[in-house]
Amino acid sequence: MSKKVNSNIVGLQSPWVTIYNKVVALFGRDEELTIGNLEADEANSGYFFTIASANSVKLNSLERILKNEFVLGNITLRIKFIYENVQDGITANDLRNAFAGNNILKDIKTVDTPLANGISYVLFGREVLQFFNDDITDYFGNYNGLAEDIARELFNEIPNVNYCTDIVPAN
């Protein structure tokens with residue numbers, strides 16, 4: 001049995017609500033994705049939300065790059081994917097597929113260096129992602145962060161993939 005969680009209650013924001021809001025901030029603009037509400041999972045002493053899409057390539061890529069479980073003390077937050085098809089060997093192509101049509105991603109560049117071949121740099125847009133989070137260090141109570149920092153926190157580790165923010169274009 002599950003019930004909806006009211007994330008609009010004023011007070012200190014729970015870490016599972018913060019993680020949920022980070023996922024929404026990063027992927028909520030994508031018209032091919034439907035991110036469900038945060039819901040209590042009483043059977044497993046935690047919370048969950050779903051990510052659904054008719055684009056199975058994108059959903060499979062998201063499933064591969066996003067952590068599907070966050071242990072937050074005695075509470076566990078799980079992400080449930082509607083179409084499950086986990087495969088080994090996460091690559092930069094999974095990131096391209098996961099962000100296809102999402103303008104928060106500007107580009108993915110892959111370069112060879114003297115230390116390693118095929119290092120990929122995921123370039124996110126130059127904007128602050130913001131949502132209300134009861135952050136008492138912010139005048140408005142908001143979380144403010146860059147997509148690159150959220151990606152580092154939410155995604156599984158992908159060998160030879162780095163996250164960064166695009167630069168200001170030269171005049």
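Out of V57, V71, report the one residue that is among the β-branched types (V, I, T), farther than 16 Å from Y163 by Cα and not in a strand (DSSP E or B).
Working: V71 fails: not in a strand (DSSP E or B).
The match here is V57.
Need pairs with beta-carbon distance below 8 Å; first residue of a type in the set (S, T, N, Q) and within the stretch 58-84, second part of a strand (DSSP E or B) and buried (at least 21 other Cβ atoms within 10 Å of the Cβ); sequence gap 6+ or separate chains.
N68/I79; T76/Y47
When you go through (1) more than 15 Å from F27 (Cβ to Cβ); (2) at pLDDT 95 or above; (3) touching a helix residue (DSSP H, G or I) at 6+ places or on another chain (Cβ under 6 Å) one by one for N85, which number turns out not to apply?
(2)
Could you tell me which residue of the stretch 1-51 is farthest from the chain's Cα centre (by Cα), considering only residues that are modelled with pLDDT under 80 and surrounded by 15 or more Cβ atoms within 10 Å (Cβ to Cβ)?
V5
The values are calculated or read from the model by the stated rules, or taken from the named source; none is laboratory data. Treat the numbers as computed from the prediction; the structure is a model and nothing was measured. Glycine also receives a Cβ, built like all others from the backbone with ideal geometry; neighbour counts cover every protein chain displayed.
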